[in-house]
Amino acid sequence: MKVKMKFLQKRFFVCLLLTVLAVLFSACGKTAAEMHEAPSKASAAASDAEASSETPSAEPVSEAPDEPENPVILVDRGNDKEYFEQNDYFLKYYALVYGEEPEYEFVTFPTASAARESEVQHYRVEIVAGGGPDAFILNTADPQLTRSDPPTEVLFPDVVKAMQNQTFLPLDDLLASSEFYRPEEHVAPVMEAGKLDGETLVLPLLYSMNLYVLDRDKTALDPASFSTWEDLSASEDPDVANLLGWNVSSWFDGTFSTLADYGALNLTLEKDALTEALRSVKALHENGTYEAGTALLAAEGFGTKLQTLPALRGADPEAIFPVLNDAGGITAQITAFCAINRSTAYAEECLKLLSLLYAEEIQSNYGRSVDGKYVGASVSPTNAYFGAVRGVATGYASPFGEALRPLTERINSARFYSTLDAALYDAADRVTFDGQTPEDAAENAFEEMRMILAE
Amino acid sequence: MKKAWHGYVLIGPMLLGCAVFYIVPFFLVLRYSFTEGYGAGSGFAGFDHYRSMLENEMFRLAFANTMRFLAAALPSVMVLSYAVALLLKAGIGGKNLLKSVFLLPYIMPVTGTVMLVDLLFTESGAVNGALSVFGVPAADWLNSPQSFWIVLLLYLWKSTGYSAILLLAGLVTIPGEQYEAAELDGASGWQKFRRITTPQMWQSVFIALVFSVINAFKCFREIFLIGGEHPYPGIYMLQHFINNSFQNLNYARLSVASVLLFVLFSSVFAALYAWIHRGGKGDGQL
């Protein structure tokens, strides 16, 4: 009897243990599902009565179902509210052009730094496991993003390496039938940057050039008198130091036409050239003066990149001062791109959407007027970037066209922002603000770039 | 054997978890190390990845640095922790208090440790401040060849206490009568240590060694926070290489690195384990 009781007791406790474990596992399963639901739950942009009557039947963003039926597009532009308000116009434009409602799910990253980093890791794991979003519309690793406080993590720190690792789908066959994609109308070096071994894998969307707009009342500096970066760095004109000595790290990487040969895994930048360049920027920074009133800046804004676009309206083209590279031209640095995941099952659907980003109305930023409202006017708050440049390339009427045309013709190199540029950004910062010697900064940057490339 | 199934049922959930979270992923990693590309587009690549990995400059640098670190750190931590364990056993200086003091670095948060290293070894740190009194110019210690020794010191400071506790657990199990008997026979301290303590400590030494290796790899967190993704080349470890390969979505590369590391350490630990248990003596006596 005692033996039997003992046996029954054991059975009872074993069953109890199994029951408890089963309950725990099922609870964990629910928690995992909740944690991996869509990162953005923004509702469709339909805040006013007029818009609500024209709201497309497809929601711009919805919770990603466990098994998505529509292609998932990962977007990385602006914050949620801003993007989706813009996105509504883009989707309306899609409906206008194709005559059908768009059926896509747009997901984006959280704005909070820690949550964004976690989401980026999540997508990386999905991609290497053969899944992930079907297509991407993303930022590149612009140091002004990745070195901000707090830093912004990007999904592909080096787009070229991602291309080499077969992350993206080859697009040439799909693009052959696209009515919107006309690469010959764009800046050739920029479009070439999206190719690997002659095959198009990535479509550059936005790029920036380093330039200033001179205030002609304050300086007689003539941009045409400088042919290369060496001319600029060797100039003894104090206006050059006043202009360039401020915010050196934002334009320093653009003074190099090439950094690396990704095929051979070699740096094309030489350490001596880097050291010399850092000595020049240190001198520029030390010799420049930045008091209000002496700044050689346009009245409406300042600095490099195309943030000066408002100031370019009607600007005298000869007042635009580009920061030249070592090959006598301008380096275009690609800040945003789109591509299709190699593992996608919706290649044609994705390309239908992505190629629309090259449509005239989108590129020119003018959009198309429909019942008094402009649709397709932009896909992001920074539409002015490619809107202006595209307009220049084709001669399309644009408020910025004439001012920028000569400059886009001087673009002789283009690359995606990457961790290599960040190393140069850091070197310039250390030399100008941390007091590090150019030799030490060059040594550290060169070693870091060599390591980045060789990995 | 009849009642053995009870035990298997009870450890079943743990075995299942082990299989799901360790064994299955390991075989997936092994598979990825032989494939090219992701998902449906992947194909068999044979030993191409292994070949290119062995030719990769950064992998060789990371591997060499990691082996150099382990070669310096493991003997040092074992000797130090053994000495500390012997001192604790002898009851010198307040056993319980010392145990807590020695364990404090181990439980200190990583960010606290990194802040301490920054306070000491950056260009404006305390070390440069102290050296400037003697006219020595300030140096960026964390970006110099000395960074290796700083990391080693950090590891010893953090891990000695933990290993000492593990060894102390072994020391206290040795019966005191054996030492008394040896003393009666006129054995010296060294003879007692060599003939009584050491043979009975091999199991504990092996366990402490395994945990020391684990802690050595955990040191990567501090190195990462100090030096970033690409620190000074002298402290660029295998985890940096694997971490950066993941960021670049080069899963094949990081899979190969993981497999090679697993093979290396499995071989070393298997050889060590066999040596400790040689001659069929399960208690680890030589």
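The values are calculated or read from the model by the stated rules, or taken from the named source; none is laboratory data. Predicted model only: the values in this text are computed from it and were never measured. Here Cβ is always computed from backbone atoms with ideal geometry, including for glycine, and neighbour counts include all displayed protein chains.
Checked against the criteria, B:Phe206 does not count as surrounded by fewer than 15 Cβ atoms within 10 Å (Cβ to Cβ), over 30 Å from A:Val159 (Cβ atoms) and touching a residue at least 40 places away in the same chain (Cβ under 8 Å). Scanning the stretch B:231-279 for residues that are away from every other protein chain (no Cβ under 14 Å), more than 27 Å from B:Gln200 (Cβ to Cβ) and surrounded by fewer than 18 Cβ atoms within 10 Å (Cβ to Cβ) gives B:Leu260, B:Leu261, B:Phe262, B:Val263, B:Leu264.
Hey, among the residues in the stretch A:135-185 that are of a type in the set (S, T, N, Q) and either in the same structural domain as A:Leu424 (by TED's automatic domain parsing) or farther than 19 Å from A:Tyr346 by Cβ (or both), which one's surrounded by the most Cβ atoms within 10 Å (Cβ to Cβ)? For the stretch A:135-185, the residue satisfying everything is A:Thr140. What is the residue count in the stretch B:1-34 for residues that are modelled with pLDDT of 85 or more, over 30 Å from the mean Cα position of the chain (by Cα) and outside any helix (DSSP H, G or I)? The total comes to 0.
May I ask you to list the residues in the stretch B:123-153 that are within 26 Å of the chain's Cα centre (by Cα) and either outside any helix (DSSP H, G or I) or at positive phi (or both)?
Just the residues of the stretch B:123-153 that are within 26 Å of the chain's Cα centre (by Cα), to begin with: B:141-153.
Listed by number, the residues that qualify are B:Ser144, B:Pro145, B:Gln146.
For the stretch A:421-453, a residue qualifies if it is within 11 Å of chain B (Cβ to nearest Cβ) and closer than 17 Å to A:Ser250 by Cβ, and the qualifying residues are A:Ala422, A:Ala423, A:Asp426, A:Arg430, A:Asp434, A:Ala441, A:Ala445. Among the residues of the stretch A:197-213, which ones are more than 14 Å from the chain's Cα centre (by Cα) and either modelled with pLDDT of 85 or more or part of a strand (DSSP E or B) (or both)? Listed by number, the residues that qualify are A:Asp197, A:Gly198, A:Glu199, A:Thr200, A:Leu201, A:Leu211, A:Tyr212, A:Val213.
Here's the yes/no breakdown for (1) within 14 Å of chain A (Cβ to nearest Cβ); (2) within 30 Å of A:Arg342 (Cβ to Cβ); (3) loosely packed, with under 11 Cβ neighbours inside 10 Å:
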| position | (1), (2), (3) |
| --- | --- |
| B:Tyr8 | yes, no, yes |
| B:Met53 | yes, yes, no |
| B:Ala83 | no, no, no |
| B:Asn96 | no, no, yes |
| B:Lys99 | no, no, no |
| B:Met108 | no, no, no |
| B:Met115 | no, no, no |
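Would the stretch B:58-69 turn up any residue that is in contact (Cβ under 8 Å) with a residue 60 or more places away in the chain, within 14 Å of chain A (Cβ to nearest Cβ), part of a loop (DSSP other than H, G, I, E, B) and buried (at least 19 other Cβ atoms within 10 Å of the Cβ)? Within the stretch B:58-69, not a single residue is in contact (Cβ under 8 Å) with a residue 60 or more places away in the chain, within 14 Å of chain A (Cβ to nearest Cβ), part of a loop (DSSP other than H, G, I, E, B) and buried (at least 19 other Cβ atoms within 10 Å of the Cβ).
For the stretch B:35-42, state whether one or more residues are away from chain A (no Cβ under 11 Å) and not basic (Lys, Arg).
No, the stretch B:35-42 contains no residue that is away from chain A (no Cβ under 11 Å) and not basic (Lys, Arg).
When A:Phe109 is tested against (1) at pLDDT below 90; (2) surrounded by fewer than 24 Cβ atoms within 10 Å (Cβ to Cβ); (3) out of contact with any strand residue (DSSP E or B) (no Cβ under 6 Å at 6 or more places or on another chain), only condition (2) is not met.
So, B:Met115, is that one in a helix (DSSP H, G or I) and over 13 Å from B:Leu156 (Cβ atoms) or not?
Values: in a helix (DSSP H, G or I): yes; over 13 Å from B:Leu156 (Cβ atoms): yes.
The answer is yes for B:Met115.
Of the listed requirements (1) of a type in the set (Phe, Trp, Tyr); (2) more than 18 Å from the chain's Cα centre (by Cα); (3) surrounded by fewer than 19 Cβ atoms within 10 Å (Cβ to Cβ), B:Phe224 misses just one: (2).
Filter the stretch A:263-279 down to residues that are part of a loop (DSSP other than H, G, I, E, B) and either surrounded by fewer than 16 Cβ atoms within 10 Å (Cβ to Cβ) or touching a Gly at 6+ places or on another chain (Cβ under 7 Å) (or both), then give me how many there are. Full working, then the answer.
As a first pass, look at the stretch A:263-279 and keep what is part of a loop (DSSP other than H, G, I, E, B): A:263-265, A:268-270.
Keeping just the survivors that are either surrounded by fewer than 16 Cβ atoms within 10 Å (Cβ to Cβ) or touching a Gly at 6+ places or on another chain (Cβ under 7 Å) (or both) gives A:263-265, A:268, A:270.
Residues meeting the conditions: 5.
For the stretch B:162-239, the helices (runs of 4 or more DSSP H) that sit wholly inside it and include 2 or more residues that are of a type in the set (Ser, Thr, Tyr) and farther than 26 Å from A:Asn444 by Cα are B:198-218. Within the stretch A:179-196, the residues that satisfy the criterion of being part of a loop (DSSP other than H, G, I, E, B) and in contact with a Leu (Cβ under 9 Å, 6 or more places away or on another chain) are A:Phe180, A:Tyr181, A:Gly194.
Tell me which residues, restricted to the stretch A:254-275, are under 13 Å from A:Phe446 (Cα atoms) and in contact with a helix residue (DSSP H, G or I) (Cβ under 8 Å, 6 or more places away or on another chain).
Within the stretch A:254-275, the subset under 13 Å from A:Phe446 (Cα atoms) is A:259-260, A:266-275.
Listed by number, the residues that qualify are A:Leu259, A:Ala260, A:Asn266, A:Leu267, A:Leu269, A:Lys271, A:Leu274, A:Thr275.
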